[in-house]
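See below for the structure under consideration.
Taken together, the values in this text are just the output of simple stated rules run on the coordinates, not laboratory data. Keep in mind it's a predicted model, so treat the numbers as computed, not measured. Here the Cβ positions follow ideal geometry from the backbone for every residue, glycine too, while neighbour counts run over all protein chains shown.
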Amino acid sequence: MAFNEQLSNRIREALAAQPDVEEKYMFGGVCYMVNGKMCTGVIGEDMMCRIDPLREEELLEMPGCRRMDFTSRPMKGYLYVSEEGTRRQRDLLFWITQCLDYNPSARASPKRKRP
């Protein structure tokens with residue numbers, strides 16, 4: 001599955017000043033890990049945002065925003081934002097700020113032990 005590489009480049013540039021950013025290819029797209037935790041990324045044409053679940057309902061009111069339903073059921077604290085919500089640089093930076101603000105309190109996934 002292809003993903004929007006232009007959007008990915010814009011996110012990569014916006015995160016360039018952040019320490020401990022890692023780019024991982026998963027879900028048929030790209031994910032940007034910050035401090036070892038999933039933070040943001042691109043799946044298809046949409047930006048994926050890991051946000052504070054307590055702000056989810058409020059943020060769903062923003063243009064181009066919808067619940068992330070990657071597994072056919074909504075995932076709490078994860079949103080998709082379409083091009084409508086990321087077209088302007090200030091809008092993209094708004095979403096990146098939401099992701100970075102939540103990152104310190106987000107739980108890291110447990111590391112899998114390899115056999």
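What is the mean projected area of the alpha carbon convex hull for the chain, to one decimal in square nanometres? Mind dumping the intermediate values first?
Working: hull surface 30.5 nm².
Averaging across all directions leaves 7.6 nm² for the Cα convex hull.
Where nothing but the Cβ of Lys and Arg (+1) and of Asp and Glu (-1) is charged, how large is the charge dipole of the chain around its Cα centre, in debye to the nearest 20?
Numbers: 18 positive and 17 negative charges, 135 e Å.
I would put it at about 660 debye.
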Between segment 61-107 and segment 1-33, the alpha-carbon center distance in angstrom: 14 Å
Integer Hz, Karplus 6.51/-1.76/1.60 couplings in order for segment 10-17, x for Gly and Pro: 5, 5, 4, 5, 5, 8, 4, 7
Value of relative contact order over the chain, rounded to a whole percent, pairs C-alpha under 8 Å and six or more apart: 23 percent
